[in-house]
Amino acid sequence: MFFTYKRLILNMIQIQTQSPEQTSALGEIIGRLVKPGTVIAMTGEMGSGKTAFVRGLAQGLDVPAEYAVTSPTYTLIHEYPGRCTLFHIDLWRLENNADFEDIGLYDIFREDAVVVMEWADRLYSGELKDYLAIHLEILDDNIRSITFDPKGHSEENLLHDVEKKLKEQQWL
């Protein structure tokens, strides 16, 4: 399995996946390397692969197979047990800071868990300090461009470890 890869400015990288399975496999690699306390802020249009990525992330975090990882569009938050707790949050339907407080978002940020937010661009600028920004873009029916932008030292280290793992497995 090969990914198309390129390093962008600063510490950003961009990876193209050729199928939903590859998008999920990339998520799994990150799930194996991510540490509790990491926040992942995802953006991208509907159908760009955000939930496929989170399915792989859940596998990498050893979420038991009997837990179906689905989009939390209507429930807003899904919580999964694993090597560490995974919170999968969808901000699509939320509109303001009061909504974020009502669902306990700021309390979740204080958990020793991995937090993944879809539609993270709904958060106000400056709400998050250290996080890994991931933007997914549809290039055609199956090909996705996934841009990783670390916003903190530990997120830079995570991305470095991901690059190293992909090279070890000869996926780059």
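The values are calculated or read from the model by the stated rules, or taken from the named source; none is laboratory data. The structure displayed is predicted, hence computed values, not measured ones. Counting neighbours? That spans all protein chains shown, and the Cβs are built from the backbone with ideal geometry, glycine included. Heavy atoms of the whole protein, side chains included, go into the accessibility calculation; ligands, DNA and RNA do not. Shrake-Rupley method; radii C 1.70, N 1.55, O 1.52, S 1.80 Å.
Take ASP112 and TRP92, extend 7 Å from each Cα along the Cα→Cβ direction, and tell me the distance between the two endpoints in nm.
3.4
Measure nothing but the geometry: give the 0 to 90° angle between the long axis through the Cα atoms of 50-60 and the longest principal axis through the Cα atoms of the chain, rounded to 10°.
The helix 50-60 is inclined about 80 degrees to the chain.
Per residue, how much accessible surface does the chain expose to a 1.4 Å probe? Answer in Å², no decimals.
51
Keeping the other protein chains in place, figure out the carbon and sulfur percent of the accessible area of the chain, with a 1.4 Å probe.
48
Measure nothing fancy, just the Cα-based angle from helix 20-33's long axis to the longest principal axis of the chain, in degrees from 0 to 90, nearest 10.
For helix 20-33, the angle is close to 80 degrees.
Sort the following peptides by mean Cβ neighbour count (other Cβ atoms within 10 Å, averaged over residues), highest first: 150-160, 110-120, 37-47.
Packing order, densest peptide first, comes out as 110-120, 37-47, 150-160.
Any of LYS35/LYS165; LYS35/LYS129; LYS129/LYS167; LYS50/LYS151 with alpha carbons more than 21 Å apart? Name them for me.
Listed pairs above 21 Å: LYS129/LYS167.
Suppose each label sits 7 Å from its Cα in the direction of the beta carbon; what would the ASP140-ASN11 distance come out to in nanometres?
Each label point lies 7 Å from its Cα, and together they span 3.4 nm.
Step through the residues of region 34-42 one at a time and calculate ³J(HN,Hα) from phi using the Karplus curve (6.51 cos²θ - 1.76 cosθ + 1.60, θ = phi - 60°), rounding each to whole Hz and writing x for Gly and Pro.
Here the 3J(HN,Hα) series is 5, 10, x, x, 7, 10, 10, 10, 9 Hz.
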